[in-house]
Structure formats: structure tokens, C-alpha cells
1. Somewhere in the range B:227-241, is a residue in contact with an Asp or Glu (Cβ under 8 Å, 6 or more places away or on another chain) and buried (at least 21 other Cβ atoms within 10 Å of the Cβ)?
2. Go through the range A:117-161 and report how many residues are hydrophobic (A, V, I, L, M, F, W, C) and in contact with an Asp or Glu (Cβ under 6 Å, 6 or more places away or on another chain).
3. Regarding A:Tyr12, is this residue facing chain B (nearest Cβ under 10 Å) and touching a residue at least 24 places away in the same chain (Cβ under 8 Å)?
4. Assuming B:Leu277 fulfils every condition listed in (1) crowded, with 17+ Cβ neighbours inside 10 Å; (2) assigned to a loop (DSSP other than H, G, I, E, B) apart from one, which condition is it?
5. Whether any residue in the range B:402-415 is more than 14 Å from chain A (Cβ to nearest Cβ), under 23 Å from the mean Cα position of the chain (by Cα) and modelled with pLDDT of 90 or more is what I want to check.
6. Which of (1) out of contact with any Pro (no Cβ under 9 Å at 6 or more places or on another chain); (2) small (Gly, Ala, Ser); (3) surrounded by fewer than 23 Cβ atoms within 10 Å (Cβ to Cβ) is the odd one out, the single condition B:Gly92 does not satisfy?
7. Being over 16 Å from the mean Cα position of the chain (by Cα), more than 24 Å from A:Ser159 (Cα to Cα) and at pLDDT below 85: is that true of A:Val2 here?
8. Report, ordered by the first and then the second residue, all pairs with beta carbons closer than 6 Å, sequence separation of six or more or different chains, a first member in the range A:132-159 that is farther than 30 Å from B:Ile28 by Cβ, and a second member that is modelled with pLDDT under 85 and in a helix (DSSP H, G or I).
Amino acid sequence: MVKSLFGVVARYSSGEKLLAAAKQIRGKGYNNVEAYTPYHVEGVVDTLGNKDDRVTWIVFFGGVIGASLGFLLQYYVAVIDYPMNVGGRPNLSWPSFIPVTFECGILCAALSGLVGMLGLNGLPRPHHPIFDAPGIEASGRDKFFLCIEADDPQFSMESVKSDLQATGAESVDEVMSE
Amino acid sequence: MIDQKKSISVEEQFIEGEHTYGTITDKIGAIPLSQHQPKSWFLMMGASLLLLGCLVTAITLLLFVGVGIWGVNNPTGWGFAIVNFVWWIGIGHAGTLISAILLLMRQRWRTSINRVSETMTLFAVMCAGLFPILHLGRPWLAYYLFPYPNGLGMWPQFRSPLVWDVFAVSTYFTVSLVFWFVGLIPDIAVLRDNAKSKIARGISGILAMGWRNSAAHWHRYETLYLLLAGLSTPLVVSVHSIVSFDFAVSILPGWHTTIFPPYFVAGAVYSGFAMVLTLMIPMRAWYGLKDMVTMKHIDWMAKIMLATGLIVGYGYAMEAFYAWYSGSFYEWAMMKNRALGYYAPFYWALIFCNVVTPFFLWFPKVRRTLWVLWIITIVVNIGMWLERFVIVITSLHHDFMPSAWGNFRPMLWDWAIYGGTFGLFLFGMALFMRFVPMLPMAELRHQLHAEKGEREARESEQEREPVGGAH
């Protein structure tokens, strides 16, 4: 297969240096920038403009839908399909339906959160061009990476490389991917 | 601002020794990828397989013969199965407490111990879930417990705490599994990147699902992790409360009390922390994890045991007091029977294990002497099992009419199946030690960063401010 350029990746030794570099790079007007870090570095997402609060809403609505379905199920069973007189209580004895409603809400919230997080992150995904970056495994160990992607409107090899070098990167490499 | 910083920076070092992001990752990540395990691991695996065999035998016999092989009778229909169910599920609760509640309270020391305790939760809930199903009599019809449209035209009775239990325990297991797995994803990605063998790389590659440590990934991941902690916190409280409703909603003397939910939850945390310590003390020695699971962690877990032990002791006192103060003839008769009747030795052994033993934990020296602490955790585990035994059995065997009284004696197969669940539990833990990073690497890296930042801030502050400097 022909290899094409995915982007240029710079390596840093600490989260602080990465964050400072990300600010500089964004300041120069690059938009398609992504960071790869050994842990969640606070502030990087805001700097790169990738903030996404949809997971929160997915979990919230998952919980609401789960709880509603849980209650409706009990309503259908206890009032419509299988009414039963237990100690003279009304068919719709809602206080005793609270525990199951609650558990259904929690279950759906957690599961939709899992699916939502994975889905929004585009996982599972067998391969990603960034895996072809030299030494990228260290992003799971002790190195911090910043990648300017080739589809950035401002992308030109010379200026990208010199801009990244100017941020104090340990190394700057091209990422060639199939 | 400076004052605030100072107040949080005292004693906030939970990673000892000279560690970097790299050494932490290598240390923990190397264990599942290495071909060599400590000798003690083989010992644990061997013992667990023996007990697991015992469990399989006992369950097979149970399926062929029926619950008659147990000591259950009328009036004591619940017997060992329910005692063990409540005990195991209580043990599971400490895992969720450590991983969720301590996370929300920003107790950073939880980082080193959360993976082990969450795994303990998963296997403890598996052991727990086994018992009510086997106790059904016809376990192959366990699916009757779930609401599904069927030819009988019947539905579960949603006003019954036993049905709530089905929902609570199955939700608890699923959510705990999701929480555990989400926490594991970045660490599996580390294994994927470091594995030498093709099989290890293949399996961890599939499980990591293409995780690539990108900032956008981390952002959504952290959001979800925090939300799952927020969901698990009320969940864990609800689960043991609902388990206690199995008892409290009935009208039996000794069960029908409002103190049960909080008292059960405190007891669950108590036994759970005891079990975490029982596992953690040998594990940190076997795998050389003493830099991450420090004496401070052990000390603080022992303190939580002490605190919850005191709550449990208060629960016993209130149970006895209200049995008398309520003026109910049956309640007071139950209490007298508990303390002086056929099962009195169990009751006093329980008081010794759960109320007297934790008092040793007031002494810092006891909390820091590992073998003494280890023995105390075992004693507390036995004590909590005795508590479940006393609650289930003494109320059932003497209820209202003397003509309906009867004694319960556990049989060989009661013990076999109980011992067997230890096999399942230890087998699971041994597999976990062998194949899964035991401590959360990504979170430890984050914590190391936070601690370093604080140390640097403190040092620069000292440079700036001479002694007695104004704030």
C-alpha cells in the first residue's frame, strides 16, 4: 500500500511542556491538533478545542429512560396485566416500585455511558494512523506527544516542523500511514 | 491561596521511593506479561483449585439430590445459603466504596488499592449470587426471577423485597463490571504496546479496542469515570439496604427493625475492608508493591475498619436496647434467646470478634504490625459471618409459637459449598493477579504528577518565604 502523510508529531518530557506547546501551536492558528498523553493532563482538551460534554447528557438521558421503562414495566404488570390484591394495597402501590425503578435507572445510565464514551471516542477501532508514529507507545508510559494533522488548512511541512521545534520538543517526526 | 495549598499538601505522599512515570508503568505492567510468578501464587492457585473442586462436587450433588443435603428445615428454611449470600455481598461493598465514594471525596490514597478492591467486589458478588440461585431448589428455573412475557401469564411480584434483590444484585454486578472495565482500558492498552507474545498482544489488542491515549479520549473517559462513581455511590448503599429489606420487611422478631439498612451497610463496609486487607497485605509483599501500597494505606484502611466496627457495635447495642425498650414480648424473648439460648456461643463469639477485636486498632502499633493486623482482619471476617448467621438463624428458629420452633445444624454439604465459594473467590483473584495489572497505572501516573507538583510548590514556597513570613 502507498503510505501517505498523516501528520507531524512532536515529543515532550512532561505534561506542563506539552500544555505550553499546545497553547503556542494553537496560538499560531493550527486547528487539527491532538495530544497523546500517559494520563489525563488537565487543560489540554480546552486548549485544543476538543471539549465534549455529550457523555454527561447520554448518561443523564440513559438514566431517565431506564428509570421510566422500569416504572412502566411495573405499572403494566401490577395494574394492567396481573393485578393482585396484596394486603389490600392499591394496584398502583408506587412506593414499593421505587427500588426497582432506581436500579433500572442506574443500570441504563451506566450502560449508556459506556456505549456513549466508546462510541464518541470512535472505539472499537482496529487501527489508527497515529499508531505508525515512531515511539508512540511511550504515550502509555512517560512521554507526551502533540500531533499536527496533515489535513489542517494551515499545514505545510516546513512551517509545521519549525513551529513544533520552537516549542521545545524532544523530537519531531513525520507520521506516515498506510 | 497559600494557606489552602499548605493545608492540602501535608502528608499527601502516597507513592514512596524514587519513582517516575516510567518506573511505575514498568513495575506494574511487567507482572501480567512476565512468565514467572512467585511461589506463593502457585500455592494460592493450588488451594483455590482444591476448593473449587469441592464447590463443583457440592453443586453437582445439590442438582441431583436437592436442598435436602443441606441442614435447612422448617422453620429454618434460609440456613447457610442466605447467611453466605449476605456475607459475600457485604464483602463486595468495600470495593465500590473505595473506588467510587473515595473518588468522589477526592481521597487520592484510593488510587493504589482501587483495582484490587474492585476485582474483589466482582468475585465476591459472583460467590454471593450463587447462593440464592442454588437455594431456589430448582436452580435451572432461575430465569423465572426476571420479568419476561411467558406462557404461564405470570409476572414477578414487584412488591416483594426478594424481587428487588434480583434487580439490585444484578445491576450491582453489571455496573461494577462496567466501572472495573472502564478503569482498565488505558492499562490494557499499555499491555498491548508492551506484550512480546502474539497471543498476549492479540487479546490485549482486542480488549483495548484501539485506545490511543489521545486528549479527546481522556476527556470523555474521565467524564464517564466520574459519572460512574456518582452512579455507584447510591447504588452500593441501595444494594445492601435492599438486602436488609429481605429481613426488615418481614414481621419476624429480630428482623422487623428500621435500623437494619444503615447497620447492614456499615457491616458490609467493615467486612469488606477486612477482606481487602486480608488480600492486600500478602499481595504487596509477593509482588513488591510496597512503594505504592504503603504503610499509610494499610494504616488508614485499619482506621476505617475501626470506625465501621464502632458503628456495627452501636447497631448491636441498639438492637438489644430496643428489644427491651419496645415493650414487645416477642422482641425481648428473641433477644434473650439470642444471648442465652441454643445459639448463645455464636452470639458471644460475634460480640468478641466484631466489638472487642477492633478496639485493638486504636493502637497505632497494632495497625502497623502487619501479622497482627492480618489476624485481626481474619477475626473480623469470621465475626461478620457470625453476625449474618446469628441474624438469619436465631430469628427463624424461635419465632412466635413454641410448637413451630426448631434448631438448625449445618451439614457437611453446607460447609462444602461455603468453603467451595472461597475456591471460586481465590481462583478469580489468582487469575487477576496473573493476567491483569493489579494497580491502575494511568491513575498512578496522574497521582505521581500531582504529588510532584505539590512537592515543588511547597519547596518553592519555602524558598520564597523566610521563617515567620507573612501570609
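The values are calculated or read from the model by the stated rules, or taken from the named source; none is laboratory data. Just so you know, these numbers come straight off a predicted model, no measurement behind them. Glycine gets a Cβ as well: all are built from the backbone with ideal geometry, and neighbour counts include every protein chain shown.
1. Applying the first criterion (in contact with an Asp or Glu (Cβ under 8 Å, 6 or more places away or on another chain)) to the range B:227-241 yields B:235, B:238.
Next cut, buried (at least 21 other Cβ atoms within 10 Å of the Cβ) only: B:235, B:238.
Yes, the range B:227-241 has at least one match.
2. Of the range A:117-161, the ones hydrophobic (A, V, I, L, M, F, W, C) are A:117-118, A:120, A:123, A:130-131, A:133, A:136, A:138, A:144-148, A:150, A:155, A:157, A:160.
Now narrow it down to the ones that are in contact with an Asp or Glu (Cβ under 6 Å, 6 or more places away or on another chain): A:147.
Number of matching residues: 1.
3. On the way: facing chain B (nearest Cβ under 10 Å): no; touching a residue at least 24 places away in the same chain (Cβ under 8 Å): yes.
For A:Tyr12, the condition - facing chain B (nearest Cβ under 10 Å) and touching a residue at least 24 places away in the same chain (Cβ under 8 Å) - is not met.
4. Of (1) crowded, with 17+ Cβ neighbours inside 10 Å; (2) assigned to a loop (DSSP other than H, G, I, E, B), only one is false for B:Leu277: (2).
5. Filtering the range B:402-415 down to residues more than 14 Å from chain A (Cβ to nearest Cβ) leaves B:402-415.
Applying the additional criterion that residues be under 23 Å from the mean Cα position of the chain (by Cα) yields B:414-415.
If we keep only those that are modelled with pLDDT of 90 or more as well, we get B:414-415.
For the range B:402-415, residues more than 14 Å from chain A (Cβ to nearest Cβ), under 23 Å from the mean Cα position of the chain (by Cα) and modelled with pLDDT of 90 or more: present.
6. Checking B:Gly92 against (1) out of contact with any Pro (no Cβ under 9 Å at 6 or more places or on another chain); (2) small (Gly, Ala, Ser); (3) surrounded by fewer than 23 Cβ atoms within 10 Å (Cβ to Cβ), the one that fails is (3).
7. Here the answer is yes, as A:Val2 does meet what is asked.
8. Here the result reads A:Ile148/A:Val160, each pair linking the range A:132-159 to a residue that is modelled with pLDDT under 85 and in a helix (DSSP H, G or I).
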